[in-house]
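Throughout, read-outs are computed from the coordinates displayed, never taken from laboratory work. None of these values were measured; they are calculated from a predicted model. Don't worry about glycine lacking a Cβ; one is built from the backbone with ideal geometry, like all the others, and counts go over all protein chains shown.
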């Protein structure tokens, strides 16, 4: 692991981000834009740099460009009922080029008002891709279960959207919750925002990301199969 700089994210910065969302004012945002950038956007870029060697070990084809990887404070409100112009949470995504294949699995890290979190998973996957996911579980149940155990032993919890009716063909009863997903993620969460003030938390979450690799690899195999099928 190489050395890295981390300037810290303070409770005061998070309070400012929350106030910015509450005021919902362009004037207030412009007056505080540089404070927000220095207080959370740049530190999140530094987190990306700090984790980059670990992420590349997981998948060397994930591009690491910190200046382009942090979500914007200003929201795009064109296609949502929530017309608040600003976020009070920011995140970064670790994924392959979404334009090449939008359904690649991803990892992420997020800072919100109630804590910091991260995970690995797939979202908004087409039904056919999830059908291929179930086929892969049926073909490799032990590999998938091992990936589940490693992710959950790291402290990450399983989250998913489920079909109302169970899908047939699950090879092991213990895999049914995962097998019947429309989407799935394994997520860690820590509520103590004071930990973000110094870099110790980065070494706390690094081994969790390393534990995500077997699940990430499994989901990546599914994504490749879906890509090959849809390219025909």
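Summary of values
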read-out	value
Label-point separation, residue 31 to residue 200 (7 Å along Cα→Cβ), nm	3.7 nm
Between helix 42-58 and the chain: long-axis angle, C-alpha atoms, 0 to 90°, nearest 10	20 degrees
Crossing angle, helix 200-211 versus the chain [Cα axis fit, 0-90 degrees, rounded to tens]	20 degrees
Spin-label pair residue 71/residue 24, simplified geometry with 7 Å Cα→Cβ offset, distance in nm	1.8 nm
For a label point 7 Å along the Cα-to-beta-carbon line of residue 158, residues of segment 109-132 with backbone N under 15 Å	120-122
Segment 47-78 residues near the modelled residue 143 label - backbone nitrogen below 19 Å, point 7 Å along Cα→Cβ	58-61
Most fluctuating residue given options 44, 219, 175, as computed from a GNM of the chain linking Cα atoms under 10 Å	175
Most mobile of 46, 113, 34 in a GNM of the chain (Cα contacts under 10 Å)	34
Inter-label distance for residue 3 and residue 131, nm, one decimal - labels placed 7 Å from Cα along Cα-to-Cβ	5.6 nm
Answer label, with semi-axes √(5λ) of the Cα gyration tensor in Å calculated from the coordinates and candidates (1) 23, 22, 15; (2) 24, 22, 19; (3) 33, 20, 17	(3)
Residues residue 113 and residue 167, FRET efficiency given R0 of 41 Å [Cβ-Cβ distance, rounded to 0.05]	0.65
Length-normalised contact order for the chain - Cα pairs under 8 Å, 6+ apart - percent	23 percent
Value at 222 nm in deg cm²/dmol, rounded to 500, when DSSP H runs of n ≥ 4 in the chain each add -39,500 (n - 2.57)	-13500 deg cm²/dmol
Between segment 207-221 and segment 1-52, the alpha-carbon center distance in angstrom	28 Å
Between helix 141-153 and the chain: long-axis angle, C-alpha atoms, 0 to 90°, nearest 10	30 degrees
Cβ-based exposure ranking for 95, 230, in which fewest neighbours within 10 Å come first	230, 95
Among 143, 217, 76, residue whose mean-square fluctuation peaks in a GNM of the chain (springs only between Cα atoms under 10 Å)	76
